[in-house]
Amino acid sequence: MSDLAILGGAPVRSGSTWPEWPQYDERTEHELLAALRSRRWAVSWPTDGTRSRERRFAEEFARYNDVPHAVSVDHGSSALVVALEALDIGPGDEVVVPVMTWVAPVAAVLRVGALPVVVDVDPETGCLTPETVRAALSERTKAVLVVHLAATVADLDGLQQVTEEAGVALIEDCAQAHGARWRGRRVGTFGRVGCFSFQVGKVLAGGEGGAVITSDEALYQRMQQLRADSRRYVDTELAPGDLELLEAGEVMGGNYCMSELTAGVLLDQLPRLDQQHAHRDRMAAELERGLAALGDFGPIPVPEHADQRSIYEYGIRFRPGTFGDVPVEAVAEAVGAELGMALWPPDLPLHRSVMLHPHTKNRFRLVWTEQGRARALGREYPGAETYRDTTLVFHHKELLGGEEDMADLVRAVAKVRDAHKELL
Ligand SMILES: *Cc1c(COP(=O)(O)O)cnc(C)c1O
């Protein structure tokens with residue numbers, strides 16, 4: 001019989017548990033109950049004379065990112081739509097997006113009527129590079145939507161340069177990178193707009209939720225209205241019974257407002273974020289020491305100028321051939337079985353994903369023509385294939401564990417490497 005846990009052997013680890021996510025305590029319960037008891041529940045409901053939690057959270061989040069403006073929204077997906085609409089991107093326009101990401105960035109471009117031009121990524125980091133972007137630019141390009149993926153930061157110097165030269169906007173999708181820094185500055189502040197998600201799995205969790213940040217006052221005014229059916233905050237002091245939103249109508253909006261209950265939870269979670277980052281960084285360093293000693297393994301590289309990473313999914317990269325012909329899915333399952341935790345390969349690159357099927361919806365028929373599809377996806381994606389085939393990822397919650405947990409991870413990876421032939 002095999003030693004491997006997935007084939008019936010004794011696991012590396014039994015009896016001990018991994019940290020839970022999301023994390024909450026009495027303070028969280030207090031914030032949530034206070035929001036409940038306020039009966040406010042929505043930013044669009046009459047005030048008790050105080051500002052909404054939705055607005056207070058936006059102010060705190062702007063302060064956290066050291067940027068003048070933030071607008072709370074209901075999802076990260078909505079943040080992307082609001083950003084694109086704020087820049088007036090629509091039919092006839094193209095937006096360059098990476099092939100290696102969650103489907104939301106591409107879906108958002110389609111939702112505003114523009115064409116996503118899906119390009120390859122760096123095989124080591126899974127992120128857009130200035131070269132892959134430059135090769136995809138056209139007269140129709142209006143923006144580049146960069147995703148800081150998993151546990152790293154894209155080359156912001158290079159991407160700023162290429163977008164400035166081309167005269168197009170840079171938009172940052174920071175749904176996996178809250179609090180990361182590039183040259184000392186928070187990510188999300190390098191593009192015209194930075195977009196965030198607070199879906200429960202992200203490092204800043206509110207259940208569902210999102211935000212857009214900008215230093216551009218005019219974009220801020222537009223984004224307020226784009227998220228609240230053309231309303232923005234009133235300029236006057238609030239008295240009990242007042243509405244906090246005013247029908248401004250300078251731009252046609254939709255309703256992407258964040259619930260007050262969500263904002264209450266986020267106000268509790270935000271002050272915990274940097275401490276959690278510090279803990280994850282310590283554990284990641286511990287894990288990396290162990291992996292380095294094994295050979296064959298290493299972390300997703302972090303560019304020199306990214307002086308703080310944000311680990312959403314930790315990626316263990318391995319030398320091609322480390323597990324012979326065993327597919328990465330089977331490796332992930334085998335390592336997970338040793339540990340009683342989940343590991344998986346990165347999401348399929350979007351050209352192979354069932355989540356990107358715009359032809360299934362009438363709404364996209366004008367943009368997703370044969371020609372549109374060819375322009376969107378008519379490229380090779382070798383960087384994405386390499387990244388996907390040589391990376392194992394796991395959720396950031398496990399990095400909230402201790403040194404023993406990291407040692408178990410290293411032992412499990414080594415055990416599966418040494419016995420991988422049994423998986424064939
Ligand atoms: C999670 C995520 C989103 C979408 O956020 P939601 O809040 O789930 O809508 C967008 N982009 C990336 C890169 C993500 O990881």
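Taken together, the values in this text are just the output of simple stated rules run on the coordinates, not laboratory data. In this text the structure is predicted, and so the values were computed from the model without any measurement. Don't worry about glycine lacking a Cβ; one is built from the backbone with ideal geometry, like all the others, and counts go over all protein chains shown.
Couple of notes before you dig in:
- With the highest mean first, a sort of the peptides 117-127, 230-240, 373-383, 165-175 on other beta-carbon atoms found within 10 angstrom per residue produces 117-127, 165-175, 373-383, 230-240.
- Sorted ascending by nearby beta carbons within 10 Å, beginning with the fewest, Glu385, Glu370, Glu54, Glu403 become Glu370, Glu403, Glu385, Glu54.
- Descending by average beta-carbon neighbour count within 10 Å, the peptides 260-271, 24-35 line up as 260-271, 24-35, the highest first.
- Formal net charge of residues neighbouring Val96 (Cβ-Cβ distance under 10 Å; K, R +1; D, E -1): +1
- Mean-position separation - Cα centroids, the range 57-85 and the range 280-323, in angstrom: 30 Å
- Panel order for Trp368, Trp21, by other beta carbons found within 10 Å of each beta carbon, from fewest to most: Trp21, Trp368.
- Global form of the range 1-132, assessed from the alpha-carbon gyration tensor, a/c cut-off 1.5: oblate
- Once backbone amide H atoms are built at 1.01 Å from N, Val119 has Val97, Val99 as its partners under 5 Å, excluding neighbours fewer than 5 places away on the same chain.
- Among Trp102, Trp41, a tally of other beta-carbon atoms within 10 Å of each Cβ gives an order, fewest to most, of Trp41, Trp102.
- Local charge for Gly401 was computed over the other residues whose Cβ lies under 12 Å away, with Lys and Arg +1 and Asp and Glu -1, and equals -3.
- Radius 10 Å from Cβ of Ala70, net charge of other residues (Lys, Arg +1; Asp, Glu -1): 0
- For the range 311-323, 3J(HN,Hα) computed residue by residue from phi via the Karplus equation (6.51, -1.76, 1.60; θ = phi - 60°) reads 9, 8, 10, 7, x, 9, 9, 10, 4, x, x, 4, 10 Hz, glycine and proline entered as x.
- Listed peptides 353-363, 207-217, 2-12 appear in the order 207-217, 2-12, 353-363 once ranked by packing, highest mean of other Cβ atoms within 10 Å at the front.
- Prolate/oblate/rounded call for the chain, Cα gyration tensor, a/c under 1.5 rounded: oblate
- Derived scalar couplings ³J(HN,Hα) [the range 16-27; Karplus, 6.51 cos²θ - 1.76 cosθ + 1.60; whole Hz; x for Gly, Pro]: 9, 10, 9, x, 8, 9, x, 9, 8, 8, 4, 5
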